[in-house]
1. Who wins for biggest fluctuation among 37, 59, 213 in a Gaussian network model of the chain, springs between alpha carbons below 10 Å?
2. Putting +1 on Lys and Arg Cβ atoms and -1 on Asp and Glu Cβ atoms, find which of 202, 189, 89 reaches farthest to the positive end of the dipole of the chain.
3. Net charge near residue 188, counting Lys/Arg +1 and Asp/Glu -1 over other residues with Cβ under 14 Å of its Cβ?
4. Got a sec? Charge dipole of the chain, +1 on Cβ for Lys and Arg, -1 for Asp and Glu; which of 163, 46, 150 is way out at the positive end?
5. Sequence neighbours fewer than 8 away in the same chain don't count; with that in mind, list the lysines whose C-alpha is under 17 Å from residue 122.
6. Highest mean first, what order results for 156-162, 93-99, 1-7 on Cβ atoms within 10 Å?
7. Rounded to the nearest 20 debye, what is the charge dipole size of region 3-253 about its Cα centre when +1 sits on each Lys and Arg Cβ and -1 on each Asp and Glu Cβ?
8. What does the convex hull of the Cα atoms of the chain come to per residue, in Å³, rounded to a whole number?
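Every number here is computed from the coordinates shown, using simple stated rules; none is lab data. Values in this document were obtained by computation on a predicted structure and should not be read as measured data. Note that we place each Cβ from the backbone using ideal geometry, even for glycine, and neighbour counts take in every protein chain shown.
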Amino acid sequence: MESIIKTKDLTIAFGGHVAVNEVSVDIPKNQFTSVIGPNGAGKTTFFNMLSGQLTPTKGQVFFKGEDITKKSATERARIGIGRSFQITNVFPNITVFENVRLAIQSRENVRFQMLRHFTKYKAFADEAMSILETVLLKDRAKALAVNLSHGEKRKLEIAMLLALNTEVLLLDEPTAGMSLEEVPAILDVIKQIKEEENRTIILIEHKMDMVLGLSDQVMVLFNGEFLAQGSPDEIMENETVQAVYIGGSQDDKHTSEIGTD
């Protein structure tokens, strides 16, 4: 299976603490990969090195065969790696539609003319509405982003990543801070993106049922080190993974929650 992201001996230390230690993995193209592990496993730190927020102490990150270890987060976004955060990152005082339309404008590197109304750029507007339909926000297009619920803001953040034509979506706990009522809607959005089969999704999530239901494969980190990688069934049956943090009976495994970094 073709890989889109590969790491080789990826390591980062903060002072005397090694947060991620020589992690070498292949992330398959157009697959859904979940990164799991108990508290302090190094999941978010690993994510931050993939997206360019952190530079590794040693090791390399490759994207489609190119060494991108030294590229910044902005440079990685331009070549197709988009990152969401546990805290939503949208423009609150403009409409939902304008948030997405501006992301498309940024992608196309187009500077609008002051005397030409944005509605003249019909292709941008049509694409923005299509993306809002994908993330189930079309009926909220005219709402100010500040007035969205937390769950709706997470959907808008994903819409903005889609607008940038990102090939890889790095989703850091997309259901964090949501009420139980909001979770199914964001799951529907992620499922719809997965079903389009033209993007690679890498997810950090602490809800075990979400990981099992969405993932093509699961990667496990423990104490900053790579522990296992495989299908959800393979991971659930892996005795080493069970010993680390799942435990309990077979029924418990499907309902337990995984700690966050």
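1. Of 37, 59, 213, the Gaussian network model singles out 213 as fluctuating most.
2. Value computed over the given set: 89.
3. Values: positive: 138, 154, 155, 191, 194; negative: 133, 152, 181, 182, 195, 196.
Once all neighbours under 14 Å are counted, the net charge is -1.
4. Working it through, the farthest residue towards the positive pole turns out to be 163.
5. 138, 142
6. Numbers: 156-162: 23.7, 93-99: 18.7, 1-7: 16.7.
Packing order, densest peptide first, comes out as 156-162, 93-99, 1-7.
7. Values: 28 positive and 33 negative charges, 302 e Å.
Approximately 1440 debye in magnitude.
8. Details: hull volume 34.7 nm³, N = 261.
Convex hull of Cα atoms, per residue: 133 Å³.
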